[in-house]
């Protein structure tokens, strides 16, 4: 069996994705700023371009992994449930700030992207960019946007938020842990939460909570918009 | 066994959410409906946290892996990204900063005061997570 035959097996896309991901995580243990998502995607994209393996063939196996985004979304319920006491204590602050963040996210993307009058596909796919990835992809599908673009925009957003979010907010006088956690979780989902967890557990808790609630609230916002339009 | 029981519960709720979405045409994504049902079941103690905690943490820890195939899928959209890189850059950057600021500001103003102590640890270097 030559290499080309091996490529055709449904196992190939799945296996290479898992292997590259594990290697990328090991690399991050040594070099902290090498984010496993970026490294994995970079390596796999380069591999496909160099080897000439068609994307469709890769995806056939790799998409099986994406199915797990479903139960992973359900799993977001665990941090929300564990920190229900925080939600009760800060109910107004948590719910209203995330709702405002959700509305500002959708409104600002619409304003910026439509003022550029660039492709409609791009603008629509960018709307759910602050939402946790599995939910963002589902929202994009329901909007008739492009899930792949939504996925990439979500990742870009997470990187921007995690990279500059804390410093940006502190410059503007937002310094308490609860607000920082909520803001990063709302704007930058999993990437923001990882950054918050690295800073402090309390920040990480609120960030994880905000990430989960942001997904639910934004889905609900789109559902309401659908009913109105 | 514990890990698999948790996994079975999580995939079960996902399927229930997808089924609800398809049969009742509720305009929320199936996985979000599943999440709402799951939270209800946890609150009503139908599902115990111990049953699902480890599986959930495992899935959340490796969520990035499940997401990689989508990101690799942008290969097909390189020309689009190339043609519109500037508006994409401004759109994502501007909107992300706006969401950060508004969310942070509202959270700060509305908090009950006992949580409002300043941060004293190693923040503000802007390093990536």
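Details
- When Rg and the Kirkwood radius Rh are both evaluated on Cα atoms of the stretch A:3-67, their ratio Rg/Rh stands at 1.01.
- Distance from the Cα centroid of the stretch A:158-214 to that of the stretch A:16-81 is 23 Å (rounded to whole angstrom).
- Summed over all non-identical Cα pairs, the Kirkwood treatment of the stretch B:1-61 gives a radius of 11.8 Å.
- Cα long-axis angle, helix A:36-51 against chain A (0 to 90 degrees, to the nearest 10): 30 degrees
- Taking a quarter of the surface of the Cα convex hull of the stretch A:75-157 gives a mean projected area of 5.9 nm².
- Kirkwood-type hydrodynamic radius, the protein assembly as shown: 20.5 Å, calculated from all non-identical alpha-carbon pairs.
- With Cα atoms, 0 to 90° folded angle of helix A:10-30 axis to chain A main axis: 60 degrees
- Note on chain B: helix-only mean residue ellipticity at 222 nm, from DSSP H runs of 4+ residues weighted -39500 (n - 2.57) and normalised by residue number, equals -23500 deg cm²/dmol.
- Diffusion constant of the stretch A:153-204 at 37 °C, which comes from Stokes-Einstein with the Kirkwood Cα-pair radius and 0.692 mPa s, µm²/s: 317 µm²/s
- Residue order for A:116, A:191, fewest other beta carbons within 10 angstrom first, comes to A:116, A:191.
- Whole-number percent relative contact order across chain B, with pairs defined as alpha carbons under 8 Å at least 6 apart: 19 percent
- Counting, for every residue in A:103-114, the Cβ atoms of other protein chains within 10 Å of its Cβ and taking the mean gives 5.
- Per-residue mean of C-beta atoms belonging to partner chains within 10 Å, peptide A:160-171: 6
- GNM on chain B, alpha-carbon springs under 10 angstrom: the most fluctuating residue among B:81, B:24, B:15 is B:24.
- The angle between the Cα long axis of helix A:147-171 and the longest principal axis of the Cα atoms of chain A comes to about 40 degrees, rounded to the nearest 10.
- Counting Cα-Cα pairs of chain B in 5 Å increments starting at 0 gives whole-percent bin shares of 2, 8, 9, 11, 12, 15, 17, 15, 8, 3, 0.
- Relative contact order of chain A, defined on C-alpha pairs under 8 angstrom at six or more residues apart (%): 17 percent
- Relative exposure of A:37, A:126, A:113, judged by other C-beta atoms within 10 Å (fewest first): A:37, A:113, A:126
- Selected from B:91, B:73, B:34 as most flexible by GNM, with chain B as the system and alpha-carbon contacts under 10 Å: B:91
- The alpha-carbon atoms of the stretch A:50-120, seen along their principal axes, cover 55, 39, 17 angstrom, with the largest extent given first.
- Theoretical ellipticity at 222 nm over chain A - DSSP helices of four or more residues, -39500 (n - 2.57) apiece, nearest 500: -27500 deg cm²/dmol
- With q set to 0.11, 0.14, 0.17, 0.18 Å⁻¹, the log10 of I(q)/I(0) for the stretch A:75-228, from the Debye formula over equal scatterers at the Cα positions, is -0.39, -0.63, -0.92, -1.03.
- Going by neighbour counts of Cβ atoms within 10 Å, the residues A:170, A:175 line up, fewest first, as A:170, A:175.
- Distance between the pseudo-spin-label points of residue A:26 and residue A:96 (7 Å out from Cα toward the beta carbon): 5.1 nm.
Each value in this text was obtained by applying a stated rule to the coordinates, not by laboratory testing. Since the structure is predicted, the reported quantities are computational estimates derived from the model, not experimental observations. Heads up, the Cβs are rebuilt from the backbone with ideal geometry, glycines too, and the neighbour counts pull from every protein chain shown.
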